[in-house]
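Report on the structure given below.
The values are calculated or read from the model by the stated rules, or taken from the named source; none is laboratory data. Computed from a prediction, not measured in an experiment: that's the story for all the values here. Cβ placement follows ideal geometry from the backbone for every residue including glycine, while neighbour counts extend to all protein chains displayed. The area values use the complete protein model at the heavy-atom level, side chains included, leaving out ligands, DNA and RNA. Shrake-Rupley method; radii C 1.70, N 1.55, O 1.52, S 1.80 Å.
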Amino acid sequence: MDRQRDVLGHQERRRVLGRLRLQRGVTLIELAIGIAIVAILTVLALPNFTAWMQNSQIRVAADAIQNGISIARAEAIRRNTSVRFQFTDTADNSCAISVTGKNWVVSLDDPSGACGSAASDTTAPRLIQMRSASQGTPNAVVTADQSAIVFTGLGRVNPVPAANITIKVTNPTGGACAVTGTPGPIHCLWVIVSTGGQVRMCDPFFALPDPQGCL
């Protein structure tokens, strides 16, 4: 009987010691090595992450502009009347139309001095939709061939431009644009409106006939 108790006691001690070994924490040396590895990986990944963040601002801004122009065209066709898309320097009631405006407004009338108005079908500027550049794209820079694009009820640009309307979206904070034959960390985007009113986005790094190409 005593022998059985000794055997059971020995087995219990082994189980306790096993649990203690499993619960042993990391040493200071192991912790220091882990922190050093994480720090090295962070330093290596930081430039790529920064470039990704700056590129994402260009993508978001260009997508928003393309969507805004498409909304203006679709509303013009739906309402069978002229609808305007315009860039403005601010998103409040001090706004003015500008070819370098980072905000945009879709409306039936000129929104100058009234970009902060509520959407309305009756009250000037009969605003349909507005977007502020502060919505995730503070570093994006816009340069457009013209500050306003007016679509007719047939979805055509009026007056008909002599050439396609180009809107360039860049990000100088992130660096220079990658262009054809010259790679770079920043992929700028262009939004192009054809003389017939079609809208597309392209990357100046690629050359036509590549579907992504601009020129």
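Figures for the structure shown
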{"quantity": "Selected residue (only one of SER112, SER120, SER134 is in contact with a strand residue (DSSP E or B) (Cβ under 7 Å, 6 or more places away or on another chain), assigned to a loop (DSSP other than H, G, I, E, B) and open to solvent by 30 Å² or more (accessible area, probe 1.4 Å))", "calculated": "SER112"}
{"quantity": "Selection count where residues are in contact with a strand residue (DSSP E or B) (Cβ under 9 Å, 6 or more places away or on another chain) and either among the aromatic types (Phe, Trp, Tyr) or open to solvent by 70 Å² or more (accessible area, probe 1.4 Å) (or both), scope region 93-109", "calculated": "3"}
{"quantity": "Among the candidates ALA51, ALA76, residue that is at pLDDT 95 or above, part of a helix (DSSP H, G or I), open to solvent by less than 30 Å² (accessible area, probe 1.4 Å) and not charged (D, E, K, R)", "calculated": "ALA76"}
{"quantity": "Inter-residue pairs, beta-carbon under 7 Å, first within 14 Å of ASN158 (Cβ to Cβ) and in region 68-82, second among the hydrophobic types (A, V, I, L, M, F, W, C) and assigned to a helix (DSSP H, G or I), 6+ apart", "calculated": "SER82/ALA76"}
{"quantity": "Pick from region 171-194, criterion β-branched (Val, Ile, Thr) and at pLDDT below 95, ranking: surrounded by the most Cβ atoms within 10 Å (Cβ to Cβ)", "calculated": "ILE186"}
{"quantity": "Only listed residue being under 28 Å from MET53 (Cα atoms), modelled with pLDDT of 90 or more, crowded, with 16+ Cβ neighbours inside 10 Å and more than 18 Å from the chain's Cα centre (by Cα), chosen from ILE165, ILE128, ILE149", "calculated": "ILE165"}
{"quantity": "Pairs with Cβ under 7 Å, 6+ apart, first in region 186-215 and under 21 Å from ARG156 (Cα atoms) and in contact (Cβ under 8 Å) with a residue 60 or more places away in the chain, second part of a loop (DSSP other than H, G, I, E, B) and open to solvent by 40 Å² or more (accessible area, probe 1.4 Å)", "calculated": "VAL193/ASN164; GLY197/ARG156"}
